[in-house]
Every structure is written in structure tokens, then in C-alpha cells.
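So the structure is just underneath, and the comments pick up after that.
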């Protein structure tokens with residue numbers, strides 16, 4: 001996947017383009033991307049335009065910028081154009097954005113947009129304007145209807161609230177895939193090893209939104225292979241005194257050295273909230289029960305997204 005960040009760059013191929021933040025990468029976002037990908041059959045490269053906001057707006061992201069790039073690439077997107085949402089971009093009128101960015105720089109011949117898409121200075125641009133300017137700039141507009149799930153309108157805001165409340169199954173249904181954390185396996189304090197449950201340790205980016213603290217059934221992708229396991233998200237109150245949030249995963253059937261590997265942990269079911277135990281032995285007993293509960297749940301595939 002080609003990634004461009006400079007608005008002065010010109011693409012050498014004609015494209016089908018969609019625009020958005022895509023931080024949730026939920027069913028609505030996926031619908032836009034799938035529509036763009038279908039245009040590859042007509043000879044157009046698939047292009048996603050996403051804006052890089054200031055650091056003050058990069059909080060509680062369901063998927064971080066780096067994770068979003070990985071997900072776009074995994075879907076088969078050809079070009080990811082990440083533009084800074086600076087003052088010059090904010091002052092650009094909707095028609096200027098169509099003309100100078102989408103059509104001139106990105107060679108857009110198809111523009112894919114949600115029915116409530118707004119863009120340009122003062123959010124003055126909409127799908128009606130896109131359709132009005134088609135003939136002038138030589139592109140075709142494809143409008144994608146709003147996606148709902150069980151009559152619920154899908155939004156990143158709603159999914160964030162579900163994750164914060166620990167409603168994982170509901171959040172996963174709207175995401176269209178299990179919520180995930182990507183990262184490099186780091187050296188931890190190796191306390192899990194002393195308890196008989198060696199774990200791999202991920203430290204999420206500060207802007208990453210994590211679900212409610214607790215223990216989850218997960219599956220982890222390592223070197224292209226998936227492994228079932230359990231993951232604890234939280235502060236480890238029984239054995240730790242610092243305030244650093246960790247994502248620690250115990251894989252059921254993996255053998256080998258994980259340190260330094262890039263992995264994806266997908267959360268498929270919630271087991272219990274994080275607890276502080278009276279001693280390490282009671283923590284060990286709880287972890288053993290977590291393992292047994294997770295394996296029992298995994299045998300009932302229909303209960304896991």
C-alpha cells in the first residue's frame with residue numbers, strides 16, 4: 001500500500017476515492033472501503049483519504065493511526081493519503097477540495113461518500129454538491145447509505161461508549177470484527193511466568209481507547225497464525241503498584257519466543273472485571289478458572305463473535 005502525506009504529491013494513476021477519519025473502522029467505514037475496492041474492477045486504484053488532526057484530538061481512538069493503516073492494507077487498499085488538517089486545509093472550500101486535492105492530485109474518477117458526508121470550509125460541501133460538480137471535474141459520485149445493525153445507527157462515538165462499559169459483544173457487532181489491539185511484544189516483569197501462566201506484554205499507545213478493565217477471551221495473530229488465549233487489561237492491582245495500563249495475554253498453545261514480534265490481539269468475549277486478590281495464590285486460582293472458563297466458552301463458537 002502506498003502512503004502519501006504531502007498534498008503536493010500527484011498520483012500517476014486514476015483512482016476511486018473515499019474520505020473520512022476511519023478511526024473506528026466499523027461496519028459503516030468498511031462499507032465505504034468495500035465500495036471503493038469494487039471500483040478496481042473498472043481499472044481504478046483504491047484510495048482512502050484520512051485527515052491527521054492535532055494531538056489534542058487524538059484521544060480515545062478505537063484504532064490508532066498506525067492500526068488504521070494496517071487494517072486498510074489488510075483490506076487491499078492501494079493508496080492511503082493522510083493529510084494534515086492544518087489551517088490551509090480548514091480554509092479550503094468544498095469545491096477547491098474536489099478540484100485541487102481529489103481530482104488534480106489524486107486523479108479521482110469515482111468519489112465514494114456516505115449519505116451524510118460533509119466537507120470543506122464550514123462543512124459546506126455535501127453529496128449534492130459532489131453530484132452537481134461531476135460533469136465539471138469529470139468524476140462519478142457513489143453514495144453509500146448509512147449502515148445500521150439491529151436498527152442501531154453505527155457510529156464511532158456509540159462504539160466507544162460500549163467499550164468503556166464493557167459491552168464487548170455489542171461493540172464487536174457494530175465493528176463487524178472483534179475489537180483489537182496491535183503492537184510489539186515487550187519485556188515485562190515476567191510475573192505471569194512465576195504463576196505458571198507466561199504472558200506476552202503490550203503497552204498500547206496513549207491515544208488508544210481500551211475496553212473496561214478485566215479479563216477477556218482473545219485470539220492473537222502471530223506470524224500469520226491465530227492462537228486462542230486470555231487477556232487481562234488493567235493495572236494488575238494484586239501484583240503492581242504503578243499506574244501503567246497493560247495488555248497481558250496468555251496463549252494456550254504457542255511455543256516460542258514472542259519478544260519483538262508484531263501481533264494483533266482480538267477480543268472475542270468478556271470473562272470478568274479486573275479484581276484485586278488477597279494474595280498471589282488466590283490470583284493463581286482465579287487465572288486457572290479464567291483459563292477453564294475461556295476454553296469452555298471457545299467450545300461454544302456461536303457465543304463468540
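Each reported figure results from applying straightforward, stated rules to the coordinates on display, with no laboratory input. In this text the structure is predicted, and so the values were computed from the model without any measurement. Cβ atoms come from the backbone with ideal geometry, glycine included; neighbour counts cover every protein chain shown.
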Condition check for residue 160: touching a residue at least 24 places away in the same chain (Cβ under 8 Å), in a helix (DSSP H, G or I) and within 27 Å of the chain's Cα centre (by Cα): yes
The lone exception for residue 110 - which of (1) in a loop (DSSP other than H, G, I, E, B); (2) at negative phi it fails: (1)
Filtered residues of region 22-41 (kept if out of contact with any strand residue (DSSP E or B) (no Cβ under 6 Å at 6 or more places or on another chain) and under 19 Å from residue 115 (Cα atoms)): 24, 25, 26, 27, 28, 29, 30, 33, 34, 38
Out of 78, 23, sole residue that is under 19 Å from the mean Cα position of the chain (by Cα) and more than 25 Å from residue 159 (Cα to Cα): 78
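Scanning for something out of contact with any strand residue (DSSP E or B) (no Cβ under 9 Å at 6 or more places or on another chain) and in a helix (DSSP H, G or I), does region 143-151 turn up at least one residue?
no
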Hits in region 52-64 - residues which are in contact with a helix residue (DSSP H, G or I) (Cβ under 9 Å, 6 or more places away or on another chain) and either within 18 Å of residue 181 (Cα to Cα) or crowded, with 17+ Cβ neighbours inside 10 Å (or both): 58, 60, 61, 62, 63
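In the set 79, 101, which member is more than 30 Å from residue 224 (Cα to Cα) and either surrounded by 15 or more Cβ atoms within 10 Å (Cβ to Cβ) or in contact with a helix residue (DSSP H, G or I) (Cβ under 8 Å, 6 or more places away or on another chain) (or both)?
Working: 79 fails: more than 30 Å from residue 224 (Cα to Cα).
The conditions single out 101.
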Any hit, region 53-74, residues being part of a strand (DSSP E or B) and within 30 Å of residue 161 (Cα to Cα): yes
Qualifying residues in region 272-287 (those that are touching a residue at least 60 places away in the same chain (Cβ under 8 Å) and under 30 Å from the mean Cα position of the chain (by Cα)) - the one nearest to residue 233 (Cα to Cα): 274
